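This report refers to the structure that appears directly beneath it.
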Amino acid sequence: MTVKTIELKEQGSLEGAKLQVYILDTSENYQKGLRRPLVLICPGGGYERTSDREAEPVAMRFLAMGYHAAVLRYSCAPARFPTALLELGRSVLLLREHEEEWKIEAEKIFIQGSSAGGHLAACLGVFWNREFLAEALQTESVLLRPAGLILSYPVITAQKGLAHEGSFENLLGERTEEKQKLLSLEHQVTAEVPPCFLWHTYTDGTVPAENSLLFVTALKQAGVLAEFHLYPEGEHGLSLGDETTMHENGERYCRYVQDWIKLAEKWMKKMTVV
């Protein structure tokens, strides 16, 4: 396996912003010419930090499935919108730039995000064809479009009573009504959003399940393909929900949700069928 770390320097980027890329080896004996899809992972952390539990452990699982993987350590507060989104867009462009060298199927780059990282992933999903993003990255919009989004208990809405207030405070700083509406992503869904896989828990007390429900409803109304799983229990920030991502005291362990990544694998296979 090849592991690369690429520093990211967009407008507003902070020191430490980087893309960590994990590329599976391709055997010349029986896999010559093989290209693989890639899952680009955006850890959560309330736009205050990027969680270790939602980063490399998730990448390792996708690698075991036969996908290349990458983890984006994006700029958090005091960086403000759209810095992290620019870094995500740049990451997609960098992966495309190295598609030959790293044997990536450039049209099959999926974005996975957890919590605030889910908000970031969904931002690319709804804004990939917006003029401001292509202009800032000096590229063509079509090169920014993900093959699909995998959203784990995502932050979506700025709606009072449902929003994760800390995420929006860290992302926006001064929260004007206009900015909040722009980044309340259920209002930004169009038919151009890529297919989505989402999961949430009914008992999430930090980012209420209504965040996913609002997004799924908007996707349905726009005619965008989506698969959604609402688990009956589980706290926020579960990541894989198993022994590899739980805390020493047993927190963040939940048997109910442990199959989400297998379901996501099945979903991706459906999305990648030619």
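The values are calculated or read from the model by the stated rules, or taken from the named source; none is laboratory data. Remember, predicted model here, so these are calculated numbers, not experimental data. Quick reminder, even Gly has a Cβ in these numbers, built from the backbone with ideal geometry, and neighbours come from all protein chains shown. We work out accessible area using only protein heavy atoms, side chains counted, and drop any ligands, DNA or RNA first. Shrake-Rupley method; radii C 1.70, N 1.55, O 1.52, S 1.80 Å.
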Spatial extent of the stretch 119-274: Rg and Dmax, with the Cα atoms as the point set, Å: 16.2, 48
Accessible area (Å², 1.4 Å probe, nearest 10) - H187: 110
The stretch 23-151 - Rg (one decimal) and Dmax (whole number), Cα, Å: 14.6, 49
Whole-number Å³ per residue for the convex hull built on Cα positions in the stretch 77-127: 83
Spatially proximal aspartates and glutamates relative to K181 (Cα-Cα < 13 Å; intrachain offsets below 8 disregarded): none
Rounded to the nearest 20 debye, dipole of the stretch 79-176 from Cβ charges on Lys, Arg, Asp, Glu: 360
For the chain, diffusion coefficient by Stokes-Einstein and Kirkwood Rh (Cα), 25 °C, 0.890 mPa s, µm²/s: 133
Computed magnitude of the charge dipole of the chain (debye, nearest 20; Cβ of K, R +1, Cβ of D, E -1): 520
Sequence-separation-based contact order of the stretch 146-206, relative, with Cα cut under 8 Å and 6+ spacing, percent: 52
Counted charge near P146, where neighbours are those whose Cβ lies closer than 13 Å (Asp, Glu -1; Lys, Arg +1): 0
Karplus-derived 3J(HN,Hα), 6.51/-1.76/1.60, for each residue of the stretch 55-62, Hz, glycine and proline x: 10, 4, x, 5, 4, 4, 5, 5
Exposure of D204 as accessible area (Å², to 10), given a probe of 1.4 Å and all protein chains: 10
Percent antiparallel among DSSP beta bridges (both partners in the chain, rounded to 5): 30
Environment charge of L24, counting only residues whose C-beta is closer than 9 Å and scoring Lys/Arg +1, Asp/Glu -1: +1
Gain upon complete extension [T139, A222; 0.36 nm per residue less C-alpha separation]: 27.3 nm
